[in-house]
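Below is one structure; the comments refer to it alone.
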């Protein structure tokens, strides 16, 4: 009598096993037939793998959440992991999976007006070139592309100084779609060329062009909405949630616009007319506040987006005047650069974001600020690289290194323990500052070193 339940349980267990294995097989077969995106596979309990797919990183805030930075590595002779020459320009560096993307311009012998713009794809660890895509582009004032490639869903989006908008295949570099936004959509090229990287938000690709932007369906390139004719600024467009909708803060040449991302309709605006429309630093958004800053002695302001959709001034002064990239915001303190390249003068500063009060100042030149864990990475236009503590109380440098001659406007990219930096003339270096890797190597070196009695 007691064996019957056992037999029944055994049969029931066998049936469940068959069903489970059948379901797993079906899932495996379905997975094998799905088109895979270039993602980094990782098993549970493994260390998180970081990417830097957009201008200013995953959250477009200029801050890396990695904890792998080893400042002391800057002094080591082998700190340069690899080095390339990528041609003229200021394009940023973006990384996803094993691939790194950037842009540069190669001049054509005998041609003083045009060169070859090149979109590069390198292996992130070795610097090996995997593919390149090139097209003709004007040289102009301060030669070369300005925008960082944007990586999303097996696509790489790039924008040239002349308005060549490309969607390229992540793996092969093949053109998926293309627009000349000047000839097709009558976008006006700003004095120093289009400089804002494309931004992806859900199914949309948004660029800073015309009065306050153009949005495309990111997979097909079809125009979704287009703002009125007008002159754009140079800043990348941040997208944010307000109430129940998605909105974009668009810096034109003379105003800040708040735009409904889905429709392109204007919600609000704030006048900000600067010399030559040089609104360059990305607006910094937190809660219902927006911080903006411009150089040419114009100044900065903290604005509040009120419940009735009005941009109201919280404070305004000249504590920080961005000539190039914006800084970073952490725990109520804004770390940025107050500078004017034409006079080769500038300072790194810490400012209370709610009051505009300056907390500390370090005169070091025009430059950029990137955050990594509890450190600031400060890079001046003359190539002085400093790693400092992220202190709101005082300037606390840890270590510095001179990168050599050249103009170093482009903010560095920090990803997986390496710092990627390029200058205007095309020198592109990968600095190995990986804490865990190098501490492991040094531990091995100590273990293998001969004793004094050998």
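The values are calculated or read from the model by the stated rules, or taken from the named source; none is laboratory data. Remember, predicted model here, so these are calculated numbers, not experimental data. No Cβ is skipped: glycine too gets one built from the backbone with ideal geometry, and neighbour counts run over all protein chains shown.
State which residue is nearest to the chain's Cα centre (by Cα) when the search covers only the stretch 121-135 and only residues that are outside any strand (DSSP E or B) and over 20 Å from residue 410 (Cβ atoms). Looking at the filtered set, the residue picked out is 125.
Can residue 292 be described as in a loop (DSSP other than H, G, I, E, B) and modelled with pLDDT of 95 or more? Steps first, please.
Values: in a loop (DSSP other than H, G, I, E, B): no; modelled with pLDDT of 95 or more: yes.
So residue 292 fails the test.
Pairs are defined by a Cβ separation below 6 Å, a sequence spacing of at least 6 or placement on different chains, a first member in the stretch 107-136 that is on the phi > 0 side of the Ramachandran plot and surrounded by 13 or more Cβ atoms within 10 Å (Cβ to Cβ), and a second member that is assigned to a strand (DSSP E or B) and at pLDDT 95 or above; the pairs so defined are 127/82; 127/84. Listed by first and then second residue, the pairs with beta-carbon distance under 7 Å, at least 6 apart or on different chains, first residue in the stretch 170-191 and over 19 Å from residue 144 (Cα atoms), second in a loop (DSSP other than H, G, I, E, B) and at pLDDT below 95, are 170/38; 171/38.
Could you list, in sequence order, the residues of the stretch 295-331 that are in contact with a strand residue (DSSP E or B) (Cβ under 9 Å, 6 or more places away or on another chain), part of a loop (DSSP other than H, G, I, E, B) and farther than 26 Å from residue 57 by Cβ? Working first, answer last.
Going through the stretch 295-331, the residues in contact with a strand residue (DSSP E or B) (Cβ under 9 Å, 6 or more places away or on another chain) turn out to be 295-297, 299-306, 309-330.
Subset that is part of a loop (DSSP other than H, G, I, E, B): 295-297, 306, 309-310, 318-327.
If the condition is that a residue be in contact with a strand residue (DSSP E or B) (Cβ under 9 Å, 6 or more places away or on another chain), part of a loop (DSSP other than H, G, I, E, B) and farther than 26 Å from residue 57 by Cβ, then 296, 297, 306, 309, 310, 318 are the ones that fit.
Suppose we filter the stretch 256-276 for residues that are part of a strand (DSSP E or B), over 17 Å from residue 325 (Cα atoms) and in contact (Cβ under 8 Å) with a residue 40 or more places away in the chain; how many remain? Steps first, answer last, please.
Residues of the stretch 256-276 that are part of a strand (DSSP E or B), as a first pass: 256-260, 266-271.
From the residues that got through so far, the ones that are over 17 Å from residue 325 (Cα atoms) too are 257-260, 266-271.
Checking which are in contact (Cβ under 8 Å) with a residue 40 or more places away in the chain leaves us with 257-259, 266-270.
Going through the stretch 256-276 one residue at a time, the tally reaches 8.
Note on the stretch 236-272: residues that are within 23 Å of residue 146 (Cβ to Cβ) and crowded, with 18+ Cβ neighbours inside 10 Å amount to 15.
Pick from 164, 169: which is surrounded by fewer than 22 Cβ atoms within 10 Å (Cβ to Cβ) and touching a helix residue (DSSP H, G or I) at 6+ places or on another chain (Cβ under 9 Å)?
Working: 169 fails: touching a helix residue (DSSP H, G or I) at 6+ places or on another chain (Cβ under 9 Å).
164 is the lone residue from the list that is surrounded by fewer than 22 Cβ atoms within 10 Å (Cβ to Cβ) and touching a helix residue (DSSP H, G or I) at 6+ places or on another chain (Cβ under 9 Å).
What do you reckon, is residue 282 buried (at least 23 other Cβ atoms within 10 Å of the Cβ), at pLDDT 95 or above, within 21 Å of the chain's Cα centre (by Cα) and not in a strand (DSSP E or B)? Here the answer is yes, as residue 282 does meet what is asked.
Can we say residue 169 is over 29 Å from residue 323 (Cβ atoms), modelled with pLDDT of 95 or more and under 18 Å from the mean Cα position of the chain (by Cα)? Can you show your working first?
On the way: over 29 Å from residue 323 (Cβ atoms): yes; modelled with pLDDT of 95 or more: yes; under 18 Å from the mean Cα position of the chain (by Cα): no.
Here the answer is no, as residue 169 does not meet what is asked.
Scanning the stretch 183-226 for residues that are over 20 Å from residue 257 (Cβ atoms) and assigned to a strand (DSSP E or B) returns a single hit, 217.
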